[in-house]
Amino acid sequence: MFHILEKRLIEAVGRFLRESRQVEIPVVLEQPRQAAFGEIALPVAFGLAKQLRQPPRAIAEALAKEFPAVEGIEKVEIAGGGYLNVRFDRGYYAAALLAGLTDATNEAAGKVIVEHTNINPNKAAHIGHLRNAVLGDTFVRMLRANGRKVEVQNYIDNTGVQVADVVVGFHYLEKKTPAEVRNLAAQPKFDYYCWDLYARTSAYYGSNPEAVEWRRNTLHVIEAGEGELAELGHIVADAIVERHLDTMLRLGIEYDVLPRESEILHLRFWATAFEQLKERKAIYFENEGKNSGCWVMAGSHFREAGDEGEAKVIVRSNGTVTYVGKDIAYQLWKFGLLGKDFHYKPLRTYQSGHVAWVATDEPCDAPAPPFGQGGEVYNVIDSRQSYLQDVVVAGLRALGYAAQAEKSIHFSYEMVALSPRTCAELGIPLSEEDRKKSYVEVSGRKGLGVKADDLIDKLIEKARAEVDSRHPDAPEAERAVVARQIAVGALRYFLLKFTRNTVIAFDIQEALSFEGETGPYVQYAAVRARNIFRKLAERGEAAPDFAAVLDRDALRRQLAAEEFWQLLLAASKAGPALESALKAGEPSHVGRYAFTLAQSFNSFYHDYPVLTESNREKKTFLLWMTDYFRRRLEETLAILGIEVPEYM
C-alpha cells in the first residue's frame, strides 16, 4: 500500500506541475528526517528554484496552497527551506490494508533466467556451494514475489577438469572398472568417497608431475564421449549430481532444468558457436608465442568493460575447448541466439509435483516445457570468476549481440570461510596460527573444508538439543521437524544477511542464536504472532471479524497513537523493500527487512498485552495488528526460503 500511495503521489504531482507551471521535472520522493514529520518528503521546490527564479520556501508555500487532492493523502505541510512533507490518511491506509490491497507486482514481459549452484559433479558439496545456491534461490524467490517469470538453471560441468581428476583416481590410482565404480556409486556417501579421492589425486600430481598427462588424456576422452574413461566420467558425474540435488533439497532448493556440458559438445552447440565466432572475427588463430596453435579472443574486445588486456584462449592447441568457450555457447542458447536446443528428460519429481528436467542428446517421449529464450540472464558465480564472465559478455558483443550483453549479469559473491570455533566444532584440525585467525579458508582440492551435509547435520543436532530441552514432552517426530526448520533457517539467514561482496566467516553458534540478527530470531517473532491466536482459541474465543469492527473511523482512532502508526507503516513496506532489494541485486536487504520487522513485532508484543485488553475495539485492533505482522513475517521468510516452526 505504501508503494501505491508513492506512485499516486508521483503521478499527481507530475501532472499538477505540467498543468499549473508548464514544467517537466522528475518527481523525487524522500524519507523525512524524523517520523514525526510525516511519511514522505517532497523536495520538488528545490528542483523548480532555478527555473522559476524564486526561493524554494516561497515555491513550496505556493504549491502547498494549490496541492492536488490525492486519494489516501490527508495533508501536505511545509518544512525547512522548502520541503513539502506529506501525511497519509491513517484510517484510509489501514482500511486498505485490512481489505487486502497490496503493492502491485511487476508484470514485465519476458522470462528471467537465473543460473545458480553449478557445482562440479566430482565430490560432495561444501559450504561455499551453499552460499551460491542460497543466494540464487533467494533471488529467484524475490523475482517471483515481484511477479516475474523465472527459469532456474543448474549448469552441470560434467566434462571438466574436476571430473577428469576423479576419473584419473578411479582408473589409474585405484584400478577400478566402470562396473566397480557403478556399484560404488549406488552406495551412500559416494560424494564423500569422491571428495577424498579428488584430494588424493591432486596430491599425487604434486609428487608425480608427469601424471598430469593422465588428466590431459582423460579430459580429451571425456569430451569426445567414447571409451572406458568417458563411461567412468558419466557414472561419476550422474551419481554426484543426484547427491547434490539431495543436499540442496534439504534447504528447500529446486531447479527447473539442468543443462549439461556434454550436450553442449555432443549436440554441436559449441561447434555452432565456434563457427559464428570465426565468421564474425570475434576470435582468431594464433600462429606464434605462448598461445601458438590456439583460437583466442583479442583483448580489444574487453574495451567496453574497461578491462582491455591480453588475449584469452578459447580453444587450446590440442583442440579441447576452454570453460569460457563452452560458456559462450551456453549463454547464446539461454538468449535463444544459437538456433539449437537440447533434448530433455525428467530427472526428478519433487514432492510438490514440480519436475526438474535434465538435458540429453537423445529425444525423449516426455514432452518438456520450453527452456531458454530468456530476456535477462543472471549467472550466480563467485567473484573469482569475474574475468571469465567478462569474456563471455565480450563474446556476445563481438558477435553483435549488444542488447543481450547488457542483459547478461554476473551475480557475483565472495567466498565463505569458517570461524576457528566452528572448525573445532566440526572436528577440523587447525594449526596454532589458524586458531588465532578471525576466519579459516577452506580448499576442496586439499581436502580441507566442511561438507555441506555435515554442516547441516551439525546445525540440526544443535538445534535439536535446544528444542528437546524446551519441549521435552512434544512428539519426537515433531521435534525433529522443528529442529530441521530452525537449523535450515539459521543457515539460510546467515548466508543471506551479508552483502554479496562480503567474505563470510560462518559461525554455528552465532547462526543458531535466538538473539540478534539471525534466522531463529525472525522465526521466533512469527511463532509468537501465531501463538497469540493459538492462546485465543484455547480460551474458547474465535478470532474476530476484523472488517465488521474496524471501520475507517475506528482504525483512525487507534492509529492516532504514533507508536501504532509507525509499527503499521514498518510492517506495510514489504513491497518497497523488495523492489529496493531487486534494484540493488542484494538479497541481504530482504534479510535486513525481515529482521527489522521482527524487531518491530517483538516491541509490540512486549508493550501491549493483546489477550488481556478489555476494550473491545482496541483488542480487535491489536489482534488485527498481530495478524498483519504474522502474515508479513511469513511472506518475507518465504522469500528468504525459511519456514516457520510450530514452536521454538
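Read-outs throughout are calculated quantities, based only on the coordinates presented, and are distinct from any laboratory measurement. Keep in mind that this is a model prediction, so the values were computed, not measured. Cβ coordinates were reconstructed from backbone atoms using ideal geometry, including for glycine residues, and neighbour counts include every protein chain displayed.
General remarks:
- Potential extension, Asp365-Tyr323 segment - 0.36 nm per residue separation minus Cα distance: 12.0 nm
- Antiparallel %, DSSP beta bridges [both residues in segment 1-160], to 5: 65
- Between the helical axis of 476-496 and the longest alpha-carbon principal axis of the chain there is an angle of about 90 degrees.
- Loop-located GluC sites (Glu not before Pro) in segment 475-538, at most 10 other Cβ atoms within 10 Å (DSSP): Glu515
- The label point for Ala561 and the one for Thr612, both projected 7 Å from the Cα toward the Cβ, are 1.5 nm apart.
- Extension gain, Ser383 to Glu538, is 50.5 nm, computed as 0.36 nm per intervening residue step minus the present C-alpha separation.
- Centre-to-centre separation between the Cα atoms of segment 142-198 and those of segment 472-509: 26 Å.
- Distance in nm between pseudo-label sites at Thr102 and Glu476 (7 Å out along the Cβ direction from Cα): 4.0
- Percent antiparallel among DSSP beta bridges (both partners in the chain, rounded to 5): 55
- Radius of gyration (Cα atoms) of segment 285-385, expressed as a multiple of 2.2 N^0.38 Å: 1.43.
- Segment 51-134: trypsin sites (Lys or Arg not before Pro) in DSSP loop, at most 12 other beta carbons within 10 Å: Arg53
- Qualifying GluC sites (Glu not before Pro) in segment 201-252, DSSP loop, other Cβ atoms within 10 Å at most 14: Glu226
- Here the relative contact order of the chain, from alpha carbon pairs under 8 Å that lie six or more residues apart, stands at 14 percent.
- By the beta-carbon count within 10 Å of each Cβ, the least crowded to most crowded order of Ser513, Ser20, Ser419, fewest first, is Ser20, Ser513, Ser419.
- Note on Glu433 and Gln54: the extension gain reaches 129.8 nm, defined as 0.36 nm multiplied by sequence separation minus the Cα-Cα distance.
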